[in-house]
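The values are calculated or read from the model by the stated rules, or taken from the named source; none is laboratory data. Keep in mind it's a predicted model, so treat the numbers as computed, not measured. We place every Cβ from the backbone using ideal geometry, glycine too, and count neighbours over all the protein chains shown. Heads up: the accessible areas ignore ligands, DNA and RNA and are worked out on the full protein's heavy atoms, side chains in. Shrake-Rupley method; radii C 1.70, N 1.55, O 1.52, S 1.80 Å.
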Amino acid sequence: MDLVKSHLMYAVREEVEVLKEQIKELIEKNSQLEQENTLLKTLASPEQLAQFQAQLQTGSPPSSSQSQATTQQPAQPASQGSGPSA
């Protein structure tokens, strides 16, 4: 019976270590996504934010043209910023 108990305890400890590692990875990923979310919020126009809020309320997924517009948004300030400095 002690052999079964020790084997079970070993398996539980091993599983705990795996779960701790997964938690650590998820915390890191969550932090990264929060930073990305904050950045995207600062780069988004008020119209884009309003449109996003409306989509959240209706539960409709964003269309591909809207996704492309938000994807292109970060490139626009960079091109504007590089113009005066050149």
Please report the net charge: other residues with Cβ closer than 12 Å to the Cβ of Val18, K and R +1, D and E -1. -2
Residues of region 1-55: accessible area per residue with a 1.4 Å probe, Å²: 93
Excluding ligands and nucleic acids, what accessible area in Å² is computed for Glu14 using a 1.4 Å probe, to the nearest 10? 100
Net charge of neighbours whose Cβ lies under 15 Å from the Cβ of His7, counting Lys and Arg as +1 and Asp and Glu as -1: -1
Would you kindly state how much longer the chain becomes between Gln22 and Gln57 on full extension, computed as 0.36 nm times their sequence separation minus their alpha carbon distance, in nm to one decimal? 9.4 nm
